[in-house]
Amino acid sequence: MIGGFLGAGKTTTVARLARHYTDQGLKVGIVTNDQATDLVDTNSLRSQGYNVGEVAGSCFCCNFNELTATVERIGRADRPDVILAEPVGSCTDLVATVIRPMVEVYDEPIDVAPYGVILKPSHGARILRNEASSGFSPKAAYIFKKQIEEADFVILNRIDELLPAQIEELAALLGEQYPGRPLLRVSAKTGEGFPALCDFLEQRGGFGRRVMDVDYDIYAEGEAELGWLNAAVQVTATDPFALDDLLLDLIRRLQTALAAVGAETAHLKTIGLGKGFYGVANLVSSFTDPELSLPSNCRVAQAQLVVNARVAIDPAELETLVRRVVAQACADVLATPQIVTVQSFRPGRPVPTHRILAPTQP
């Protein structure tokens, strides 16, 4: 399982790990997780050819039985050697509620790798510095810090986007606040540092044991500060248009519209899908630039868009804004959008199926 805050780069990391294991001749299954259906990450990973099961409607910890059922379905279909799991980016306490139950409750032999959490530099630096303008309230920052606290090791991602001094500052902050925690410097985009990550995941021993005290009131309130939106949109035009331009324009327009109302972005992501092609654009914070993370390099007259937004804003306001921006972006390429499904809400209080605070000793 690879954890980390919203926009940390979990899906890109999981995809690169999947390629690594596939290149070794191993069969790989992937389990994604979200509070709702229509997940960009699931569509993206499936478009790359992977067998992906999705646990939707709640986090792994609150839907443990569906997690194990999904693992079993993947196992029956492909008998994978490795299963990679990507939890919801606003979740924590996963050692006690997912890893320990997988070892002690799930009635199947399973070998659990060290639990790595990806540090998101854009929000991470501000939160670890305890800046008043960290972008989120102290309750959301509490979740961020708890994610790191329970990790067996931390993955400092996006080093290709950071200056050496920024990398060293983050490493120093982590060393001061989480002494003794192994830190790997990685770029999921370029692959830099990935051999060390793969080697670390091969280790076995006293891992997955960092159970911790968690104030579930603060945890629940921190999650509920985010408006959550998943939407599926069918786009049709008379003449072909550049899909990548539409995806990037959509994210840019959303960034501008959210900034205008003072709403902090945790993550925006959209994928464009068609027969034999896909492209992905995303934004990982209000103060970074939108990115075309997976270009499709194609022109189309029809495509399905999936839009995921995680923003500190009222969900109803977020839905109104997304509907308006989708219409504007499509109009610019002379296309007509039809919203097929849309879900907008605040995450409910986490209620784990199991919570094991006394792990079995080795």
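Since every read-out is calculated from the coordinates, none of them should be taken as a lab result. Since this is a predicted model, take the numbers as computed values, not measurements. In this analysis, Cβ positions are derived from the backbone assuming ideal geometry, glycine residues included, and neighbour counts consider all displayed protein chains.
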Using a Förster radius of 30 Å, what is the FRET efficiency between D111 and L163 based on their Cβ-Cβ separation? Nearest 0.05, please.
0.20
Report, ordered by chain and residue number, the aspartates and glutamates lying within cross-link reach of K189, taken as a straight Cα distance under 13 Å and ignoring same-chain residues fewer than 8 apart.
D160, E161, E291
If you average the C-alpha positions of the stretch 108-138 and of the stretch 40-103 separately, how far apart do those two centres end up, in angstrom?
20 Å
Residues in the stretch 5-25 that a label on E131 would reach, taking backbone N under 12 Å of a point 7 Å out along Cα→Cβ
none
Hydrodynamic radius (Kirkwood) for the stretch 204-362, which is based on Cα pairs only, to one decimal in Å:
17.4 Å
Dividing the helical contributions, -39500 (n - 2.57) per DSSP H run of n ≥ 4, by the residues of the chain yields a 222 nm value, nearest 500 deg cm²/dmol, of -11000 deg cm²/dmol
So the pair-distance distribution of the stretch 249-343, from every Cα-Cα distance in 10 Å bins, comes to percents of 16, 51, 29, 4
Residue (of S187, P352, G75) at the positive-pole extreme of the chain, dipole from beta-carbon charges:
G75
Report, in debye and to the nearest 20, how large the dipole of the chain comes out about its Cα centre when Lys and Arg carry +1 and Asp and Glu carry -1 on their Cβ.
300 debye
Residues of the stretch 324-350 with the amide nitrogen closer than 19 Å to a label point 7 Å from the Cα of T238, along Cα-to-Cβ, please.
328-338
Theoretical gain in end-to-end length, K145 to R46 [0.36 nm per residue, Cα-Cα removed]:
32.5 nm
Calculated on alpha-carbon atoms, Rg and Dmax of the chain in Å:
19.7, 64
So for R0 = 22 Å, FRET eff. of Q328-F277 from the Cβ-Cβ r, to 0.05, ends up at 0.40
Sites matching trypsin sites (Lys or Arg not before Pro) across the stretch 189-280 that sit in DSSP coil, with at most 11 neighbouring C-beta atoms within 10 Å:
R204, K275
